[in-house]
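Encoded as structure tokens, the structure appears first; notes follow it.
The values are calculated or read from the model by the stated rules, or taken from the named source; none is laboratory data. As the structure is a prediction and not an experimental result, all values here were calculated from the model. Positions of Cβ are generated from backbone atoms using ideal geometry, with glycine treated the same way; all protein chains shown enter the neighbour counts. What goes into the accessible areas is simple: the full protein's heavy atoms, side chains included, and nothing from ligands, DNA or RNA. Shrake-Rupley method; radii C 1.70, N 1.55, O 1.52, S 1.80 Å.
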Amino acid sequence: MSDIRNIVILTGAGVSAESGLATFRGPDGLWEGHRVEDVCTPEALARNPDLVHAFYDARRAKLGEVQPNAAHHALARLDAEWPGELLIVTQNVDDLHERAGATRLLHMHGELKSALCAACGTRRRWEAPMGDRPPCPACGKPRLRPDIVFFGEMPYQMERIDAALGRCDLFVSIGTSGAVYPAAGFVRTARHYGAWALEMNLEPSAGSIYFSESRMGPASELVPAWVKEVLGDRLA
Ligand code: BJW
């Protein structure tokens, strides 16, 4: 571990599960009551905006009831103390990493607390419901949509992510099933450039064979222990 300088950490819904936010594909998964194509595509938004807005309004409201857990706090500590490059790439649209204090963070699938105007392209921090079609603060048109990357849309900041993957010595994947691309392919990119790859999850992810090492268990236990290990090694 002592020769590690640059770290990329990919997080998924599993890191927020112990805070009380549902994952996507589990038995109690978020989409159990909704078919993904009914809520998570641009076509669904055009076809049934009331359903899509209700789904995201409910999830945005739920953020007020949950708190970061030990995994978010441990990653924020690593972010604060790690002297080399570090980038937390989250697929999550919740705000629990930043509420724990992480700053070297990007949301590749967007954010629940951001609105994107489909008319003028302006993005705004947004905490209120959108189902009642409020006007865009910039252009006045009632065309706000959740600032979320739907299926078929390009995830955010891919150039920055690719550059970080090309430079990292350690790639860590936490609480993601590896079912959704391009995130599911990051491990192969990082390995291609020579990084060690560690996954932490309740069960092996779809791309488990690509990792150098797998640790199975709840993120709230595995992540703090791993962060201690990484920071402890530096001090040794
Ligand atoms: C725990 C735990 C605990 C539980 N501790 N662990 C055919 C082949 C390949 C690709 C495609 C294809 N057809 C279409 C595509 C592309 C498509 C895709 O991947 N589809 C797949 C379904 C096959 N991808 C896209 O369309 C993306 N865009 C795109 O590809 O653009 C073109 C492009 C080209 C070239 C370069 C780059 C781009 C966009 C994807 C958008 C995904 N959006 C969503 C919704 C976001 C909004 C919302 O939240 O509603 O993002 S989908 C959903 O899945 C969400 C998540 O971020 C994402 C990943 O889910 P995640 O986080 O892995 O959650 P789960 O539930 O699947 O897994 C949780 C895991 O945690 C489990 O493993 C548990 O075991 C574990 N766990 N408790 C530790 N306590």
Revision key, fill the gap. Heavy-atom accessible area per residue of the stretch 1-70, all protein chains kept, 1.4 Å probe, expressed in Å², is 49 Å²
Review point. Could you give the angle, 0 to 90 degrees to the nearest 10, between helix 158-167's Cα long axis and the longest principal axis of the Cα atoms of the chain?
Key: 0 degrees
Check your understanding: For the stretch 82-145, which whole percent of the accessible surface, found with a 1.4 angstrom probe, sits on carbon and sulfur atoms?
Key -> 49 percent
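Could you work out the helix-only [θ] at 222 nm for the chain, with each DSSP H run of four or more residues adding -39,500 (n - 2.57) and the total divided by the number of residues, to the nearest 500 deg cm²/dmol?
-9500 deg cm²/dmol, from helical runs alone.
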Check your understanding: aspartates and glutamates within cross-link reach of Lys228: Cα-Cα under 15 Å, excluding same-chain residues under 8 positions apart?
Key -> Asp79, Glu81
Check your understanding: Cα to Cα, under 16 Å, and not fewer than 8 places away if on the same chain: which lysines meet these conditions relative to Lys62?
Key -> Lys113
Check your understanding: For the stretch 180-236 and the stretch 1-63, what is the separation of their C-alpha centers, rounded to whole Å?
Key -> 21 Å
Practice item. Identify all aspartates and glutamates with a Cα-Cα distance to Lys141 below 15 Å; exclude those on the same chain that are fewer than 8 residues away in sequence. Key: Asp132
Exercise for review: Give me the accessible area of Tyr156, 1.4 Å probe, in Å² rounded to the nearest 10.
Suggested key: 60 Å²
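Taking a probe of 1.4 Å, how large is the accessible area per residue of the stretch 119-230, in Å²? Could you put the intermediate results ahead of the total?
Working: 5760 Å² over 112 residues.
Solvent-accessible surface per residue comes out at 51 Å².
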Check your understanding: So how tilted is helix 49-62 from the main axis of the chain? Cα-based, degrees 0 to 90, rounded to 10.
Key -> 50 degrees
Exercise for review: Please give the helix 219-235 orientation as an angle from the longest Cα principal axis of the chain, in degrees from 0 to 90, rounded to the nearest 10.
Suggested key: 50 degrees
Study note, to complete from the structure: Scanning the chain, every Cys lacking a C-beta partner under 4.7 angstrom -> Cys40, Cys168
